[in-house]
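Here's the structure we're looking at; comments come further down.
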Amino acid sequence: MDISLLEHVISDQTDILESVYGDNVAAIPQISPLYKEVESYYDAGITAPNYVTLLWTDDNWGNIRCLPLASERNRTGGAGIYHHDWNSLVVGTNTAVFTFTAVASGQPRLAVPVTLVATKQAALPSGFKGFVEGSGAISMEAFHAPRNTPVNGIAWTEIPGYGGTLSGVTTFPRDIAHDVNLTAGTGPSLAYNFYNFDAVKDSGNITVTAYLSPWWNMGEADHPLAFRKPRIFSPFLHRERPPTAGIPPMALLLTAS
């Protein structure tokens, strides 16, 4: 990271404030939020003017990496902490309105109200371990399956660093001795525990999006993908995700009722 470049950006921002509000920039309330990657820049030596308030924030779940030292609290601008107190929210939808104001020389006063919405779900069942719905979706890393069931000595194995996130999975071993053709639903499997707050029970739809990469004869008319029940699908290229190691990812959309 180029600390000198970032400090140059801060200096340019100060020049902009001076051109609009005059020379007394220190009288304008200003904060420098030290949030996630910005905190690493601060640890690496980036500095803000002494009159700027240093603000430490959490990671949206109440976890703060560090607290301001006495030397930081005693700056002219001081230091502060911003955190989310989920315990003070009620179960359901919570809203708050913030009004942001701006004043510039020769311009009318601008006030923009912004409504923030936070949804607090009910507590999970006691002892539940697995994936939990958030904002209407459940995201799972393929290898984080609590149950990996092999068949005929073939099991799902992790490919570290493969794909757009943590890793990918593939069946292994893949040799002459394990070259078998299994009926859909009878091969090695991965099983996941998940909890969704909008209960589906015996009715309703769940849309499953799986990211796949083509290999061997997958995608050919005589070797389609087969899923349990059985269901046959022809995968299509998902062009919104960048290729991995020269292989274009594929997206598969399944809707189960």
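The values are calculated or read from the model by the stated rules, or taken from the named source; none is laboratory data. Note that this is a predicted model, so its numbers are computed, not measured. Note that we place each Cβ from the backbone using ideal geometry, even for glycine, and neighbour counts take in every protein chain shown. Ligands, DNA and RNA are stripped out before the accessible areas are found, and what is left, the full protein with its side chains, is counted by its heavy atoms. Shrake-Rupley method; radii C 1.70, N 1.55, O 1.52, S 1.80 Å.
In region 103-195, which trypsin sites (Lys or Arg not before Pro) fall in coil by DSSP and have 13 or fewer other Cβ atoms within 10 Å? Please list the in-between numbers first.
On the way: sites: Arg109, Lys120, Lys129, Arg147, Arg174; in loops: Arg109, Lys129, Arg174.
Taking region 103-195 and a limit of 13 other Cβ atoms within 10 Å, the loop trypsin sites (Lys or Arg not before Pro) found are Arg109, Lys129, Arg174.
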If you line up the Cα atoms of region 116-212 on their principal axes, what length do they span on each, largest first, in Å? 57, 33, 26
Two-decimal log10 I(q)/I(0) for region 23-66, as the Debye equation yields it once each C-alpha is a single scatterer, q = 0.16, 0.19 Å⁻¹: -0.48, -0.63
Inter-centroid distance (Cα atoms) of region 149-172 relative to region 80-119, Å: 44
Tell me the carbon and sulfur percent of the accessible area for region 109-194, rounded to whole percent, probe radius 1.4 Å. 58
If unit charges are put on Cβ atoms (+1 for Lys and Arg, -1 for Asp and Glu) and the dipole of region 1-126 is taken about its Cα centre, the option from Pro113, Leu55, Ser71 lying farthest towards the positive end turns out to be Pro113
So how many Å³ per residue does the convex hull of the Cα atoms of region 1-91 work out to? 126
How are the alpha carbon pair distances in region 1-155 distributed across 10 Å bins from zero to the largest one, expressed in percent? 8, 23, 27, 21, 13, 5, 2, 1
Of Phe100, Ser88, Ile3, whose Cα points farthest to the positive end of the dipole of region 1-117 (charges on the beta-carbon: +1 Lys, Arg; -1 Asp, Glu; origin at the Cα centre)? Ser88
